[in-house]
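Q: Sharing a structure below in structure tokens format, with a few things to ask.
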Amino acid sequence: MKKTQLAIMFVLICSASFAQFDSTKYVLGGLVNYGTSQNKTKNINDSQTNSTSSFFFSPSIARPIKSNGLMGVELGFGAGSSKNKGDNFESMGTNQHYSLGVFYQRFYTITNKIYFNWNGRARVGLNKSVSEYTLSETFQSKTTEYTTSYDLTVTPGISWKVMDRVLLNGSIGGAAFQLNDREGGSDTSFSVFFNNPQFGFSFLLN
């Protein structure tokens, strides 16, 4: 009997609607993603240092769908850099990213102020990448590549209602399918990631 009661309570909690959207006309939000890494390798003949950094910001506006869902549009702005340096060479790269997308986000009540949510989005992006390579100061090259990207992403996350009209949102993983179209051809990829923390906020407007 206790197991049956616990199962019923679990189903009710997971299926409960996020009713705070009943009096909301618009939801303004934003998502920030920043990451850095640095690796050093050393062997008998060579030693290398590799470092990367990336930043992405995505403001959005949405309209409530019933009481537990949002449908909206978002912009994306991103930049990144990488550097790989060895005993006899050095390579550097920078990239810029701009995107436009649509998304649907749905919420489920866990506690009074904590909600599970999942976000499905489709985006198209324009990317510019610049690569520079130097070999012992005797050879230098620089290439610039432009890419158009199309991606579908599903991201689960947690939302915390810190104030009556303010939510904090966070996630650490998801799944993505991407198509990249460049001058030399196109390629596709599918990935499931768990090491990409994202943090955001939402303002509920009457």
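The values are calculated or read from the model by the stated rules, or taken from the named source; none is laboratory data. In this text, all values refer to a predicted model and were calculated from it rather than measured experimentally. Please note: Cβ atoms are built from the backbone with ideal geometry, for glycine as well, and neighbour counts cover all protein chains shown. Note: areas computed on protein heavy atoms with side chains; ligands, DNA, RNA excluded. Shrake-Rupley method; radii C 1.70, N 1.55, O 1.52, S 1.80 Å.
Q: So which pairs qualify, if the first residue must be in segment 60-76 and open to solvent by 20 Å² or more (accessible area, probe 1.4 Å), the second must be of a type in the set (Val, Ile, Thr) and at pLDDT 95 or above, the Cβ gap must be under 6 Å, and the two must be at least 6 apart or on different chains?
A: What qualifies is Val73/Val102.
Q: In segment 115-140, which residue that is within 21 Å of the chain's Cα centre (by Cα) and hydrophobic (A, V, I, L, M, F, W, C) is most open to solvent (accessible area, probe 1.4 Å)?
A: Leu126
Q: Go through (1) within 14 Å of the chain's Cα centre (by Cα); (2) open to solvent by less than 70 Å² (accessible area, probe 1.4 Å); (3) within 22 Å of Gly35 (Cβ to Cβ) for Thr147 and report which single condition fails.
A: The one condition Thr147 does not meet is (1).
Q: Out of all the residues in segment 131-156, which are at pLDDT below 90 and either within 24 Å of Val192 (Cα to Cα) or of a type in the set (A, V, I, L, M, F, W, C) (or both)?
A: Leu135, Phe139
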